[in-house]
1. Scan segment 18-34 and report the pairs whose first residue is open to solvent by less than 50 Å² (accessible area, probe 1.4 Å) and whose second residue is part of a loop (DSSP other than H, G, I, E, B) and of a type outside the set (Asp, Glu), with Cβ atoms within less than 9 Å and a gap of 6+ or a chain change.
2. For the subset of segment 105-146 comprising residues that are farther than 29 Å from Asp167 by Cβ, of a type in the set (A, V, I, L, M) and out of contact with any Leu (no Cβ under 8 Å at 6 or more places or on another chain), which member is least open to solvent (accessible area, probe 1.4 Å)?
3. Among the candidates Arg97, Arg80, single out the residue that is open to solvent by 80 Å² or more (accessible area, probe 1.4 Å) and part of a loop (DSSP other than H, G, I, E, B).
4. It is to be established whether one or more residues within segment 57-74 are touching a helix residue (DSSP H, G or I) at 6+ places or on another chain (Cβ under 7 Å), open to solvent by 80 Å² or more (accessible area, probe 1.4 Å) and not small (Gly, Ala, Ser).
5. Give the number of residues within segment 21-53 that are aliphatic (A, V, I, L, M) and under 20 Å from the mean Cα position of the chain (by Cα).
6. What pairs can you find where one residue is in segment 51-63 and farther than 19 Å from Asp28 by Cα, the other is in a loop (DSSP other than H, G, I, E, B), and their Cβ atoms are less than 7 Å apart, with a gap of 6+ or different chains?
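The values are calculated or read from the model by the stated rules, or taken from the named source; none is laboratory data. Predicted model, so just to flag it, every value in this text is computed and none were measured. No Cβ is skipped: glycine too gets one built from the backbone with ideal geometry, and neighbour counts run over all protein chains shown. The accessibility values were calculated without ligands, DNA or RNA, using every heavy atom of the protein model including side chains. Shrake-Rupley method; radii C 1.70, N 1.55, O 1.52, S 1.80 Å.
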Amino acid sequence: MTDFTLAIQQQCQIFSPFLANKVEISSDIFTLSKGKVSDFVQEILHTCELINQQSNLSYVEIYTQRLVQQFDTLKKVVDRCCQVESESAPHFKSKYRFAKNLHKLPASQQIIEYQKIHRALNEKLSWLFELNHQTVDVQKKLSIQTQIKETEYRIQKCLEKLAELND
């Protein structure tokens, strides 16, 4: 395997989180028009192999241009898919506002702020449980469950700080 092939494989690592995602690319630079991201990455690697096999410089130039176009096109499609997913994903918005430098406040103010934080975290936890209940996609459920664990951890830390301040 050449250094060029290794470099292309390393560049294609940016697509690893999305290999199972199905995408549609309407361009003649790929032989496929629909498929998984992994299929398009394989085609990019195949183009890389074609470049390595060529001895004629004009063919190398043509395949290199194609390789760059394939990579750029796949990157744009994957970025667009990620943007659509992140925009469609629900986000929790708390009605509470908190002090920026909590640790610099007097103890009595810190207690009030930590109580607000505790209420906001409990609201978020309820929202996450509801979202988890409504979600059918396994990947999204796993992501939500991770957020639930993180929120529970933050609630526990908040309660510890409240207990410490009340002593």
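1. Sorted first by the residue in segment 18-34, then by its partner, the pairs are Ile25/Leu32; Ile25/Ser33; Ser27/Ser33.
2. First, the residues of segment 105-146 that are farther than 29 Å from Asp167 by Cβ: 127-146.
From what's left, of a type in the set (A, V, I, L, M): 128, 131, 136, 138, 142, 144.
Add one more test, that the residue is out of contact with any Leu (no Cβ under 8 Å at 6 or more places or on another chain), and what stays is 128, 131, 136, 138, 142.
Working: Leu128: 0, Leu131: 33, Val136: 133, Val138: 99, Leu142: 94 Å².
Among those that are farther than 29 Å from Asp167 by Cβ, of a type in the set (A, V, I, L, M) and out of contact with any Leu (no Cβ under 8 Å at 6 or more places or on another chain), it is Leu128.
3. Arg97
4. Checking segment 57-74: not a single residue is touching a helix residue (DSSP H, G or I) at 6+ places or on another chain (Cβ under 7 Å), open to solvent by 80 Å² or more (accessible area, probe 1.4 Å) and not small (Gly, Ala, Ser).
5. Selection size over segment 21-53: 3.
6. Correct list of pairs: Asn52/Thr2.
Yes/no per residue for (1) of a type in the set (A, V, I, L, M, F, W, C); (2) in a helix (DSSP H, G or I):
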{"site": "Phe30", "(1), (2)": "yes, no"}
{"site": "Glu49", "(1), (2)": "no, yes"}
{"site": "Thr73", "(1), (2)": "no, yes"}
{"site": "Lys93", "(1), (2)": "no, no"}
